[in-house]
Amino acid sequence: MSPTNQQVLLAARPTGFPNPTDFRLVEAPIPEPADGQFLVGIAYLSVDPYMRGRMNAARSYADPQKLDEVMGGGAVGKVLASRHPGFAEGEYVVGMFGWQQYALSDGRGVMQVDPRLAPISAYLGVLGMPGFTAYFGLLDVCAPRPGETVVVSGAAGAVGSTVGQIAKIHGCRVVGIAGGDDKIRWITEDLGFDAAFNYKTESPYQKLKELCPAGIDCYFDNVGGSITDAVLPLMNTSGRVSICGQISMYNLEKPETGPRLFPLVLVRTLKVQGFLVFQYASRYGEALPKLAGWLQEGKLKYRETVAEGIENAVSAFLGMLRGENIGKQLVKISDQ
Ligand code: NAP
Ligand code: FER
């Protein structure tokens, strides 16, 4: 039997929390590069929260994921064959290669990665899109000053765990919010967060009041919803709020109503700003050496939760949406 390219397609648009039946695993022939193309053997693929948004029909920053097409997504791998002058066989690359074992590329949006600087999987996490999100979303949007109190939600995930450590590097007091005692232990004992609590077993407002006696200067929001409703009343005057993600709402069938907090934004003169990491694409080259430097100095640590095999990509994605990951959720496709 000739080797094939296993791929995961979007089979149906979910309502509410996605089901495994919204996806389909298929086999296709391994493609051959034409002139100007190269073939990538994928080593790891990334499953990310934004993919849930792209499964809906509504257009936003990017076009929706098309039905019956390979799920889009970032991946790292090795160039196996090349007819492209800029990419040589044997090089490692990161790009939007999708949920499959092999991908053809024309090089657009693809970057070479240095496997001597860090294991290649890191380019999907701390040295990749989530790392850049943490870097710019904290430093550019919140601009934290030494001694300030920074609160991070989704604190044990890919973005949140990096945000907390960058805030520590900048001399802040950091308080994390995450959904499990194992997650809380990791971010406080290993990553150096000053304090953290499990929002599933503690009252966020009461805990934050206790853990942030000087109030909150910066809030990096990965989750939204009732957690954010508890943070905002504790913000100090002229506090900054970086709206990075609202994952608590991504799978809701009906929008939730909550308290109306804009009066607080007004009287505390808060800056509340959403951002998309892609806005900073021209500055990734500024963030990468900083993140890699902190990694090498041991000031920045990361963790990965790795599922094995393309056939487990869907369960890894659904597990990440349910909070089963600590650090970055990846899927290992092959040893490249
Ligand atoms: P992640 O945090 O590694 O994984 C998602 C985490 O969300 C889960 O582990 C889970 O942790 C938490 N979660 C799930 N449902 C929740 C709920 N109802 N309430 C509170 N927390 C919930 O994912 P990531 O890649 O680092 O992304 C984190 C956030 O950043 C997401 O909102 C994502 O959309 C956003 N993001 C934004 C940009 C941008 O450009 N703006 C770029 C990348 C990511 P718990 O166990 O703690 O619940
Ligand atoms: C994310 C959540 C939302 C994200 C991007 C978006 C890159 C927005 C995308 C869009 O507007 O299309 O985690 O990460």
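The values are calculated or read from the model by the stated rules, or taken from the named source; none is laboratory data. Model, not experiment: these values are computed from the prediction. Note: ideal-geometry Cβ built from the backbone for every residue, glycine included; neighbour counts use all protein chains shown. Areas reflect the complete protein model, heavy atoms only, side chains present, ligands, DNA and RNA absent. Shrake-Rupley method; radii C 1.70, N 1.55, O 1.52, S 1.80 Å.
Annotations for the structure displayed:
- Rolling a 1.4 Å probe across all protein chains gives T4 an accessible area of roughly 40 Å².
- Local electrostatic count at K200 - Lys and Arg +1, Asp and Glu -1, tallied over other residues with Cβ under 11 Å: -1
- Global form of region 1-139, assessed from the alpha-carbon gyration tensor, a/c cut-off 1.5: oblate
- P(r), alpha carbons of the chain - 10 Å bins starting at zero, rounded %: 6, 25, 33, 23, 10, 3, 0
- Beta bridges assigned by DSSP with both partners in the chain are antiparallel in approximately 55 percent of cases.
- The Cβ shell under 14 Å around F220 holds other residues with a net charge of 0, Lys and Arg each +1, Asp and Glu each -1.
- Chain lengthening between D68 and M111 when straightened (0.36 nm per residue, less Cα-Cα): 12.8 nm
- Taking Cβ atoms as reference points and 12 Å as the exclusive limit, the residues near Y92 contribute a net charge of -1, counting Lys and Arg as +1 and Asp and Glu as -1.
- Rounded FRET efficiency, nearest 0.05, which uses the C-beta distance separating D140 from S203 and R0 of 45 Å: 0.90
- Gyration tensor (alpha-carbon) shape descriptor, region 129-278, a/c threshold 1.5: rounded
- Extension gain, D229 back to V306 (0.36 nm per residue minus Cα-Cα distance, nm): 24.5 nm
- The angle separating the long axis of helix 158-169 from the principal Cα axis of greatest extent in the chain is about 50 degrees.
- A57-Q273 pseudo-label distance in nm [points 7 Å out on the Cα-to-Cβ vector]: 3.6 nm
- Within straight-line cross-link reach of K271, aspartates and glutamates at Cα separation under 16 Å, skipping those fewer than 8 residues along the same chain: D140, E148, D217, D221, D229
- Protection-proxy order for peptides 88-97, 27-36, each taking the mean of Cβ atoms within 10 Å per residue, highest first: 88-97, 27-36
- Each of Y205, L264, I177 was placed along the dipole of region 129-278 (beta-carbon charges, centred on the mean Cα), and the one lying farthest toward the positive end is L264.
- Region 129-278, relative contact order [Cα under 8 Å, separation at least 6], %: 23 percent
- Sum of -39500 (n - 2.57) over DSSP H runs of 4+, divided by residues of the chain (222 nm, nearest 500): -6000 deg cm²/dmol
- Among S242, S60, S315: highest mean-square fluctuation, GNM of the chain, C-alpha pairs under 10 Å: S60
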